[in-house]
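For reference, the structure is listed below as structure tokens.
The values are calculated or read from the model by the stated rules, or taken from the named source; none is laboratory data. All of these numbers come straight from a predicted model, not from anything done at the bench. FYI the Cβ positions are ideal-geometry reconstructions off the backbone, even for glycines, and counts take in every protein chain you see. All accessible areas refer to the heavy atoms of the entire protein, side chains included, with ligands and DNA or RNA removed. Shrake-Rupley method; radii C 1.70, N 1.55, O 1.52, S 1.80 Å.
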Amino acid sequence: MSSPVSTVETLAFGVAPESASPFTGGAANGPGPGPAKRGPFRPGRLVPSRARLETRLLARAARGLDVVLAAGLGGAITVAGHPVAAGVWAVTTLIGLRLLDTYAFPRKQSLAAHMARAGLALGVSLLIATGLVVVSGRSEPTAVWALLAATGALSVSHLAWWTVIARGRAQGRLTPNIVVVGATKNAERLIEAAMRTGEVNVLGVFDDRLDRAPENILGVPVLGDTSALLDHRIMPYVDRIVIAVASTAQARVRQLVEKLDVLPNPLHLFIDVGGVVEDDAALARIAAGSDSPLSGSPASARRALLKRAQDLIVASLGLLVAGPIMLVVALAVKLDSPGPIFFRQRRHGFNNEVILVWKFRSMRHDMADACATRQVTYGDERVTRLGRFIRKTSLDELPQLFNVLKGEMSIVGPRPHAIGMKTGGVESAKLVTQYAHRHRIKPGLTGWAAIKGSRGPVDTPESVRLRVALDVEYIERQSLWLDLYIIAMTIPCLLGDRSAVR
């Protein structure tokens, strides 16, 4: 049986695959830096930015659970014959825990310090409630034991939440990862603030003046110039890019913003004014995403949480409804042509993360094109007889419900394109400057572009530009109601679409 801590941890973090370290092994951008360049902030495992959570969300969940527990346990004490003591215990417990700031979960607070605060609030409320039971003249042992059990239950809850949050930070799931642009004195101030506060993990520094840049700043490695930053394999793990050049170099800041605007990662500026207190406050705002980014979409933990809940509910219902259909399609694929049932393809996900997308195989196995160097055309000889049907009806996409459950995709979002996909012999990503902007949100099974007529292959530069424009429009407008509208319109659009080549 799993422990209470592991159970809460599973609910809080879900299933989020952790990729191998981009700092070790082979090199996508030259030789691997190896352990010497891991830096002082490097977490034990790097987690994709899509799997990152905010401590404040877990703190709110802890407070909500305390309210539920206090109400339920207070009801049990009421059953024991002491409704007044039950009400006083529940109210004083919740007020005390809030006044003593037990839901802050500071980064450097030990378990003993946290439990001391929680214990003080719980002890005072226990004494007050027990006193009311005694002075009532009906001091049954049952009521006292009920109060003790209720206090113990809340103590265990706080112990579990502190452990979950501490472990999440150690695993890199609760601390934002950033990279710094500019090997400057300002970057040194930022890194010093990060060391003091623990607000962020600084994974590396990038600077165009590598001939004058040091090998590291306070142990944080200099990983390359800004051109290397554009396609560095560490970027799917990066939550923020922070420019740390001198605030007086306004022309340089504008130049960097224009160059880095093509990336899906939010871009922030660290200002070198004020002292230690101002540095710490500025870094805290960057870590929380409360400062408006110079480029990229502003972070919204509430919106991300709602979208994830929507994905889990819709994908689970979708599997229940489509499960029998998927079994029939799987059998038909196996009987129709030799080869595996599924086709897996590497595609770009959130923040350019490389994900494996699942589909039912619709092409002849010996003609599979994992890189989409040649897009499907009308009457394509590579597509099987069954493949034409499942592609036209989008039944081949149903296995991507598993990608949604894993957290790699959403129900609604830009369609994931194959890495290296080409349009007219040119890599599609190079046809539109803002192409990577579509990776500022998780890719989806369906999307705004799909219901607006941009389905199937993007085989001309104009179709690529239209797809990207519609995807960016969706990202800027994304909301729960827009997602529900797109889901509702998807099937009618599929049934009414006879022109898209699938």
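Summarising the amide proton neighbourhood of GLY204: residues at separation of 5 or more, or on other chains, whose placed amide H is nearer than 5 Å comprise VAL180.
Working from label points 7 Å from Cα in the Cα-to-Cβ sense, the LEU317 to ILE95 distance is 4.3 nm. Tell me the Kirkwood radius of the stretch 83-171: reciprocal of the mean inverse pair distance over distinct alpha-carbon atoms, in Å. So the Kirkwood estimate lands at 13.8 Å.
If you take the square roots of the eigenvalues of the alpha-carbon gyration tensor of the stretch 220-267 and sort them as a ≥ b ≥ c, do you get rounded (a/c under 1.5), prolate (a/b over b/c) or oblate? Judged from the Cα gyration tensor, the stretch 220-267 comes out prolate (a/c at least 1.5, a/b above b/c).
Between ILE491 and VAL354, the contour length at 0.36 nm per residue exceeds the Cα-Cα span by 46.5 nm. Across the accessible surface of the chain, with the other protein chains kept in place and a 1.4 Å probe, carbon and sulfur atoms take up 64 percent.
Taking amide H as placed 1.01 Å from N in the peptide plane, GLY413 has its amide H under 5 Å from the amide H of GLY444, LEU445, THR446, GLY447, TRP448, each at least 5 places away in sequence or on another chain. The mean accessible area for residues of the stretch 139-200, using a 1.4 Å probe and ignoring ligands and nucleic acids, is 35 Å² per residue.
Fully extending the segment from LEU159 to ALA332 would add 57.0 nm, taking 0.36 nm per residue of separation and subtracting the current Cα-Cα distance. The calculated FRET efficiency for ARG388 paired with LEU210, based on their beta-carbon distance and R0 = 51 Å, is about 0.45. Applying 0.36 nm per residue to the separation of SER227 and ALA71 and subtracting their alpha-carbon distance, the gain on full extension is 50.5 nm.
Looking at the stretch 203-304, the accessible area is 45 square angstrom per residue; that uses a 1.4 Å probe and ignores ligands, DNA and RNA. Relative protection proxy for 278-288, 67-77, 232-242, from highest mean packing down: 232-242, 278-288, 67-77 (other beta-carbon atoms within 10 angstrom).
With percent of Cα pairs over 41 Å apart in mind, check [x] 33; [y] 28; [z] 16 and report the label derived from this structure. The value computed from this structure is option [x].
Once the Cβ-Cβ distance of ARG196 and VAL134 is raised to the sixth power relative to R0 = 51 Å, the FRET efficiency obtained is 0.55.
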